[in-house]
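For reference, the structure discussed in these notes is given below.
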Amino acid sequence: MPSLPHTSTQDVLQKPIRAQFETFLDEHRALLNSSLDGLTEEQARRSLVPSRTTLLGLVKHAAFVEKVWFDEAVTGRPRAEVGIPATPDESFVLDDTDTVESVQRAHREACVASRRATANLDLDDLLPGNRRGPIPLRWVYLHVLRELAQHCGHADILREQILAD
């Protein structure tokens, strides 16, 4: 089973910006993935807000985000071909086969695929498969980092509420 890298953000303080971006992304990927650690299936699926947001749904959505930005945007393949929902809202929908283990694994695998997809790209390389038109990898890294940071905050609050019960 693939694991998420464990480089510390302190380790890249004097490294090139690419290494810094990737380390910050991996740190947030790992934090979000680990928000499910130690939870029961019921806890992971517990809905505490009116939207579809659950801890399990957040990690499932994060796998969707990886595939949108590092498959669809890099390759230009349509979402149906990538095997992901058409909209972000749909990416939170859980089915009976979604478990803590399966969603964490799918997320880790998506992160590994993301790193592989961008390994030979430069930060200023344009990615052709975005609805906005070609965008640089640098912008994608910043966008995904912002999204992961927001979802890590959501996950912290949800997990705190779940464990308080």
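Observations on the structure shown:
- Inside segment 31-51, residues that are hydrophobic (A, V, I, L, M, F, W, C) and open to solvent by 50 Å² or more (accessible area, probe 1.4 Å) make up a count of 3.
- Scanning segment 22-41 for residues that are assigned to a loop (DSSP other than H, G, I, E, B) and out of contact with any Lys or Arg (no Cβ under 6 Å at 6 or more places or on another chain) gives 36, 37, 38, 39, 40.
- Condition check for residue 130: open to solvent by 60 Å² or more (accessible area, probe 1.4 Å), assigned to a loop (DSSP other than H, G, I, E, B) and out of contact with any His (no Cβ under 6 Å at 6 or more places or on another chain): no
- Candidates 72, 109, filtered to the one that is within 23 Å of residue 27 (Cβ to Cβ), in a helix (DSSP H, G or I) and either among the charged types (D, E, K, R) or over 15 Å from the mean Cα position of the chain (by Cα) (or both): 109
- Of all residues making up segment 133-150, the number that are open to solvent by 50 Å² or more (accessible area, probe 1.4 Å) and more than 14 Å from residue 18 (Cα to Cα): 3
- Taking every residue in segment 75-96 that is of a type in the set (Gly, Ala, Ser) and open to solvent by less than 60 Å² (accessible area, probe 1.4 Å) and pairing it with any residue that is in a loop (DSSP other than H, G, I, E, B) and modelled with pLDDT of 95 or more, at least 6 positions away or on another chain, the pairs with Cβ-Cβ distances below 6 Å are 91/85.
Matching residues to (1) within 27 Å of residue 16 (Cβ to Cβ); (2) at pLDDT 95 or above; (3) among the charged types (D, E, K, R); (4) open to solvent by less than 40 Å² (accessible area, probe 1.4 Å):
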{"position": "98", "(1), (2), (3), (4)": "no, yes, yes, yes"}
{"position": "104", "(1), (2), (3), (4)": "no, yes, no, yes"}
{"position": "126", "(1), (2), (3), (4)": "yes, yes, no, no"}
{"position": "161", "(1), (2), (3), (4)": "no, yes, no, no"}
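- Residue match in segment 112-125 (condition: within 12 Å of the chain's Cα centre (by Cα), aliphatic (A, V, I, L, M) and assigned to a helix (DSSP H, G or I)): yes
The values are calculated or read from the model by the stated rules, or taken from the named source; none is laboratory data. These numbers were taken from a predicted model, which means no experiment stands behind them. FYI the Cβ positions are ideal-geometry reconstructions off the backbone, even for glycines, and counts take in every protein chain you see. When the accessible area is computed, the model is the full protein with side chains, heavy atoms only, and any ligands, DNA or RNA have been set aside. Shrake-Rupley method; radii C 1.70, N 1.55, O 1.52, S 1.80 Å.
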